[in-house]
Amino acid sequence: MKTFTYDRAGDVAEALAALAEPGTQLMAGGTEMVNWLKEGIETPDRVVDINGLPLASIDTSGPLRIGALARMSDVAADPVVQQDYPVLRDSLLRAASAQLRNMATIGGNLLQRTRCAYFRSDTPLPCNKREPGSGCSALIGDTSAQAIFGWSESCVATHPSDLAVALAALDASVIVQGPSGERRIPAVSFHRLPGDTPALNTELASNELIVAVEVPAAAPRSHYLKVRERVSYEFAVVSAAAVISLEGDTITSARIAVGGVAHRPWRLTAAESALTGVSITDRNALSDAVALSFADARPLADNGYKVILAQRAAVRALEEAR
Ligand SMILES: Cc1cc2nc3c(=O)[nH]c(=O)nc-3n(C[C@H](O)[C@H](O)[C@H](O)COP(=O)(O)OP(=O)(O)OC[C@H]3O[C@@H](n4cnc5c(N)ncnc54)[C@H](O)[C@@H]3O)c2cc1C
Ligand code: SF4
């Protein structure tokens, strides 16, 4: 591991000033950052601890506003989140392990990087995300865990955050602060598609800090379904977040985001439109609506199974949201 200096920022202004210095990396819970330091994914000269910033509150007095430094476990345990935002609660409780959730923050979770095995390899392998221009080992290797939507010839990775999928279905915003003030980025487009620049992961500028996420409205009828290879402490193979409104059994609005299928949470917009007026008890109609959003899926050599699995996950999430 490369040697670096370690400092603490006392407030947002100090953190922003630190970000202006080249070679600086911020650290919140450190659960992702320390892996990068060990694996050589990041080699900063200076690590600045931001845990002293006043950004850990959970404000439920208006639209739900969660500070970037709130711990995943604290958010999942909040009584209002438990009651009114089950999709958010379960996306947090089904992520990582209890110990990690006690340390890991909301901002850090959104900024975690892909679990693509070639990107995380101890032995350097061609990876355009890690070394731009070096190639994509996954594209000519094992594609079983990779994307079926939105990938490019440069990168076929998926994003691993469970929280991001729930926030996308909730129409949440990521609130960021830079030298010229605050701005809001829709959660659904906070993560970038790889295109020709897969090393750029999000819309966050290098001189900006995440200060909070905001969810506009409660979602009591919502569900997060995570399909994984073992029942705990594992990343999603695919996942689905569903938020619905009903009159009787009839769907009056539906929002669905799917995870594990793209470099960002993938909203099923065609399915959402088709679901209005459908009975939540009519599984065939739910499946037909969801299938509309998979007509343009582009599976790779080894991941055709995700096209089926993600559709079934979306249908189940809708049913559970009821
Ligand atoms: C073994 C393991 C299993 C896991 N399983 C899952 C899982 O199933 N699902 C899931 O969703 N996640 C999973 N994770 C990821 C975990 O949730 C993240 O590691 C964690 O959320 C990162 O938060 P942190 O506060 O520790 O971030 P850090 O490691 O401190 O930081 C990560 C990055 O975010 C930046 N950063 C942090 N906060 C801010 C901010 N406010 N503004 C700007 N930049 C910031 C840091 O500079 C750094 O670049 C797993 C992690 C591990 C190690
Ligand atoms: S899929 Fe992306 S992260 Fe994985 S090896 Fe290819 S370029 Fe790297």
Output the number of residues of segment 59-69 satisfying the condition of being more than 8 Å from ligand 1 (Cβ to nearest atom) and surrounded by 21 or more Cβ atoms within 10 Å (Cβ to Cβ).
-> 3
Specify the residue that is nearest to ligand 1 (Cβ to nearest atom); the eligible residues are those in segment 100-118 that are out of contact with any Pro (no Cβ under 7 Å at 6 or more places or on another chain) and hydroxyl-bearing (Ser, Thr, Tyr).
-> Thr105
Could you please find all residues in segment 110-151 being more than 21 Å from Val227 (Cβ to Cβ), among the polar types (S, T, N, Q) and within 9 Å of ligand 2 (Cβ to nearest atom)?
-> Ser121, Asn128, Ser134, Ser137
Positions within segment 134-152 being among the aliphatic types (A, V, I, L, M) and surrounded by 18 or more Cβ atoms within 10 Å (Cβ to Cβ), in sequence order = Ala138, Leu139, Ala145, Ala147, Ile148
Lone qualifier among Ala157, Ala98 - being within 15 Å of the chain's Cα centre (by Cα) and more than 29 Å from Ser253 (Cα to Cα) = Ala157
Cross-chain or 6+ apart pairs with Cβ under 8 Å, segment 130-159 first and closer than 12 Å to Arg264 by Cβ and in contact (Cβ under 8 Å) with a residue 40 or more places away in the chain, then aromatic (Phe, Trp, Tyr) and away from ligand 1 (no atom under 16 Å from the Cβ) | Ala157/Trp151
Counting just the residues of segment 4-34 that are surrounded by fewer than 16 Cβ atoms within 10 Å (Cβ to Cβ) and touching a residue at least 60 places away in the same chain (Cβ under 8 Å), which one comes out farthest from Ala212 (Cα to Cα)?
-> Ala20
Select from segment 119-133 the residues that are more than 22 Å from the chain's Cα centre (by Cα) and more than 16 Å from ligand 1 (Cβ to nearest atom) and write down the one among them that is surrounded by the fewest Cβ atoms within 10 Å (Cβ to Cβ).
-> Thr123
When you scan segment 246-322 for helices (runs of 4 or more DSSP H) that lie fully inside it, which ones turn up with 2 or more residues that are modelled with pLDDT of 95 or more and within 19 Å of Ser152 (Cα to Cα)?
-> 305-321
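The values are calculated or read from the model by the stated rules, or taken from the named source; none is laboratory data. Owing to the predicted nature of the structure, the values given are computational and were not obtained by experimental measurement. Reconstructed Cβ throughout: ideal geometry from the backbone, glycine too, with neighbour counts over all protein chains shown.
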